[in-house]
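The values are calculated or read from the model by the stated rules, or taken from the named source; none is laboratory data. Note that the structure is predicted; figures quoted are calculated from it, not measured. Here the Cβ is made from the backbone with ideal geometry for all residues, glycine too, and neighbour counts use every protein chain on show. Calculation scope for accessible area: heavy atoms of the full protein, side chains included, ligands and nucleic acids excluded. Shrake-Rupley method; radii C 1.70, N 1.55, O 1.52, S 1.80 Å.
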Amino acid sequence: MTTIRALVLSCSLKKSPAPSSSELLGTQVLDALRTEASASGAGIEVSGEVLRVVDHPVAFGVSTDEGGGDGWPTIRAKLLEADVLVLATPIWMGQPASVCKMVLERLDAELSETDDAGRTTTLGKVAVVAVVGNEDGAHHTTAEVLQGLNDVGFSIAANASTYWVGEAMQGVDYNDHEHTPDATAGTTTVAARNALHLIGLLHQHGYPGQS
């Protein structure tokens with residue numbers, strides 16, 4: 001049995017135990033990864049956890065450790081063990097949440113962390129993005145986050161995102177729904193299936209090092 005490790009970073013602005021729509025969708029991506037792995041019949045299982053970033057004292061900065069009790073090194077250790085990173089963010093003012101941007105800034109440090117072959121620590125890891133909001137902007141937010149993750153070495157599968165946005169000028173959140181909207185559920189399944197396919201390929205044929 002091959003185990004694929006997944007880490008969901010929820011970039012909600014609210015600390016636990018407050019309900020979080022972005023954390024709900026991120027959790028659903030993790031569940032879909034487990035379901036798709038089991039259904040594949042390929043001897044794959046997915047282990048993972050959901051971590052809400054604001055529950056940890058993560059400092060602003062662009063290094064792997066900003067010191068002074070910085071909470072990022074603990075999160076980073078989990079990320080380095082993971083094969084798949086799911087970055088889940090709400091939309092605020094048409095933008096990724098500030099917590100999500102802070103995570104991307106901290107990931108910038110990985111460009112300087114390389115192995116003996118010159119490969120970054122993130123090379124060979126797959127990223128999925130989950131976005132929720134009550135206004136339009138899911139495509140813009142997804143584009144920003146996926147570009148940032150790709151810049152620091154993550155691989156992006158086809159259809160590597162899932163999202164939900166409510167109607168403009170109303171107050172229904174994603175976690176207010178009694179049942180997951182079919183369109184979002186279907187998109188989540190495809191994102192999970194494609195991420196698993198890509199990580200399987202990368203395990204078999206990793207990226208070359210510098211010659």
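Determine which member of the set ARG76, ARG52 is of a type in the set (Lys, Arg), in contact with a strand residue (DSSP E or B) (Cβ under 8 Å, 6 or more places away or on another chain) and surrounded by 14 or more Cβ atoms within 10 Å (Cβ to Cβ). Quick ask: steps written out before the conclusion?
Values: ARG76 fails: in contact with a strand residue (DSSP E or B) (Cβ under 8 Å, 6 or more places away or on another chain).
From the options ARG76, ARG52, the qualifying one is ARG52.
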Output for region 1-49, where each listed residue is basic (Lys, Arg) and either open to solvent by less than 50 Å² (accessible area, probe 1.4 Å) or over 22 Å from MET102 (Cα atoms) (or both): ARG5, ARG34
Tally of residues being touching a residue at least 60 places away in the same chain (Cβ under 8 Å) and assigned to a loop (DSSP other than H, G, I, E, B) across region 63-85: 2
Scan of region 135-187 for residues that are at pLDDT below 95, in a loop (DSSP other than H, G, I, E, B) and in contact with a strand residue (DSSP E or B) (Cβ under 7 Å, 6 or more places away or on another chain), ordered by number: GLU135, ASP136, GLY137, PRO181
All positions within region 92-115 that are open to solvent by less than 60 Å² (accessible area, probe 1.4 Å) and either of a type in the set (Phe, Trp, Tyr) or modelled with pLDDT of 95 or more (or both): PRO96, ALA97, VAL99, CYS100, MET102, VAL103, LEU104, ARG106, LEU107, ALA109, GLU110
Failed item in (1) touching a residue at least 12 places away in the same chain (Cβ under 8 Å); (2) surrounded by fewer than 21 Cβ atoms within 10 Å (Cβ to Cβ); (3) part of a helix (DSSP H, G or I), with GLY118 passing the rest: (3)
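Of everything in region 197-211 that's open to solvent by less than 40 Å² (accessible area, probe 1.4 Å) and small (Gly, Ala, Ser), which residue is farthest from LEU24 (Cα to Cα)?
Let us first name the residues in region 197-211 that are open to solvent by less than 40 Å² (accessible area, probe 1.4 Å), namely 198-200, 202, 209.
Now restrict to residues that are small (Gly, Ala, Ser): 200, 209.
Details: GLY200: 26, GLY209: 37 Å.
That would be GLY209.
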Any chance ALA185 is surrounded by 19 or more Cβ atoms within 10 Å (Cβ to Cβ) and under 21 Å from VAL8 (Cα atoms): no
First in region 155-172 and aromatic (Phe, Trp, Tyr), second anywhere and part of a strand (DSSP E or B), Cβ under 6 Å, 6 or more apart: TYR163/VAL131; TRP164/VAL132
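Take the residues in region 28-42 that are touching a strand residue (DSSP E or B) at 6+ places or on another chain (Cβ under 6 Å) and in contact (Cβ under 8 Å) with a residue 24 or more places away in the chain; name whichever of them is farthest from LYS78 (Cα to Cα). Don't jump to the end; show me each part of the working.
Initially, region 28-42 is screened for residues touching a strand residue (DSSP E or B) at 6+ places or on another chain (Cβ under 6 Å), giving 29-30, 33-34, 37.
So of that shortlist, the ones also in contact (Cβ under 8 Å) with a residue 24 or more places away in the chain come out as 29-30, 33, 37.
Numbers: VAL29: 18, LEU30: 15, LEU33: 18, ALA37: 21 Å.
Out of the qualifying residues, it is ALA37.
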Options ASN175, ASN194; residue that is closer than 17 Å to LEU7 by Cα and open to solvent by 30 Å² or more (accessible area, probe 1.4 Å): ASN194
Every pair of residues 6+ apart whose Cβ atoms lie under 7 Å, when the first sits in region 86-103 and is under 13 Å from GLY148 (Cβ atoms) while the second is in a helix (DSSP H, G or I) and of a type in the set (Ser, Thr, Tyr): THR89/SER22; THR89/THR141; GLN95/THR141; PRO96/THR141
